[in-house]
Amino acid sequence: MTHILYVDFSPRVERSVSRSLTKEFITAWEQQHPNDTVTYRDIGQYPVPPVDEAWIAAAFSSSDKISPHLATALTISDELIDELLAADRYVFGVPMYNFSVPANLKAYIDQIVRVQRTFAMGADGEKGLVKDKKMLVITARGGSYSASTPTAHLDFQEPYLRAIFGFIGITDITFIHAENLTMGDEARQQSLTAAQTAIQALISSW
Ligand SMILES: Cc1cc2nc3c(=O)[nH]c(=O)nc-3n(C[C@H](O)[C@H](O)[C@H](O)COP(=O)(O)O)c2cc1C
């Protein structure tokens, strides 16, 4: 039995393309894997706060010295990390904002990338602690950033997500990009169809 953590990051609800595609994936997955379990989190509508001074002080103190005040600064981080570690696989729906990720995803990442919980620092450098996981990231983008386009170098979204999740140990990451969503009906439809085909293919191979 596999446990999936399914997270949407689009602040849009009805009109969100990334949400419609993650839902399509999860619905098809649940039909084919009725014994698997899914936890859903809606960061798009319910963002987590940015880290603050108390968070930083608490995260970098040794646990026996943390005061009750500092310990509460990590409550949300602990909840998000427990949820992350409890899952075997991740399905994230991520809009592209300003060539990268929305600020709500950056805030989520800042909460879950934590020393001694998701990475360790040793004499030979940092080591990811989130092992044997798989991640699917479905992105929605107004333009196109595939390798053959002149805007390929502006994709700071996929490389960033590969780097930061790789840093905590999640290296098996599949991306499905719905692109050209603001480039006219034909380009939009073509890209949506390709993304839906990729989703169906992944259901049987993931
Ligand atoms: C604040 C903002 C910034 C955006 N920046 C980009 C961008 O840099 N590149 C791009 O291709 N599309 C950009 N877009 C378009 C979105 O990626 C596109 O509308 C996508 O469908 C959003 O995901 P969603 O449909 O799941 O909400 C931006 C949209 C917004 C609202």
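Quick notes on this one:
- A single member of Ser148, Ser204 is at pLDDT below 95, open to solvent by 60 Å² or more (accessible area, probe 1.4 Å), within 16 Å of the ligand (Cβ to nearest atom) and farther than 17 Å from Asp8 by Cα, and it is Ser148.
- Phe99 open to solvent by 50 Å² or more (accessible area, probe 1.4 Å) and touching a Leu at 6+ places or on another chain (Cβ under 8 Å): yes
- Test for Ala87: is it over 23 Å from Ile43 (Cα atoms) and open to solvent by less than 40 Å² (accessible area, probe 1.4 Å): no
- When residues of segment 1-52 are limited to those that are among the basic types (Lys, Arg) and open to solvent by less than 50 Å² (accessible area, probe 1.4 Å), the one farthest from the chain's Cα centre (by Cα): Arg19
- Scanning segment 57-114 for residues being under 14 Å from the mean Cα position of the chain (by Cα), away from the ligand (no atom under 16 Å from the Cβ) and not aromatic (Phe, Trp, Tyr) gives a total of 13.
Residues checked against (1) in a loop (DSSP other than H, G, I, E, B); (2) surrounded by 18 or more Cβ atoms within 10 Å (Cβ to Cβ):
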| site | (1), (2) |
| --- | --- |
| Ala54 | no, no |
| Ala57 | no, no |
| Ser61 | yes, no |
| Leu70 | no, no |
| Ser77 | no, yes |
| Leu80 | no, yes |
| Glu83 | no, no |
| Gly93 | no, yes |
| Asn104 | no, yes |
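- Residue in segment 26-46 that is within 16 Å of the ligand (Cβ to nearest atom) and in a helix (DSSP H, G or I) present: yes
- Tally, over segment 115-145, of residues that are more than 16 Å from the ligand (Cβ to nearest atom) and touching a Ser or Thr at 6+ places or on another chain (Cβ under 6 Å): 2
- Selection from segment 32-58 of residues that are free of Cβ contacts under 8 Å to residues at least 12 places away in the same chain and either more than 24 Å from Val94 (Cβ to Cβ) or touching a Pro at 6+ places or on another chain (Cβ under 8 Å) (or both): Pro34, Glu53, Ile56
- Qualifying residue in segment 114-134 (condition: in contact with a Lys or Arg (Cβ under 7 Å, 6 or more places away or on another chain) and within 30 Å of Met183 (Cα to Cα)): no
- Scanning segment 151-183 for residues that are open to solvent by less than 40 Å² (accessible area, probe 1.4 Å) and within 15 Å of the ligand (Cβ to nearest atom) turns up Ala152, Asp155, Gln157, Leu161, Phe175, Ile176, Ala178, Glu179, Leu181.
- The set of residues in segment 1-19 being more than 13 Å from Trp29 (Cα to Cα), β-branched (Val, Ile, Thr) and either touching a strand residue (DSSP E or B) at 6+ places or on another chain (Cβ under 7 Å) or more than 14 Å from the ligand (Cβ to nearest atom) (or both) consists of Val7, Val17.
The values are calculated or read from the model by the stated rules, or taken from the named source; none is laboratory data. This is a predicted model, so every value here is computed, not measured. Reconstructed Cβ throughout: ideal geometry from the backbone, glycine too, with neighbour counts over all protein chains shown. The protein model used for the area step is the full one, side chains on, heavy atoms only, and it has no ligands, DNA or RNA in it. Shrake-Rupley method; radii C 1.70, N 1.55, O 1.52, S 1.80 Å.
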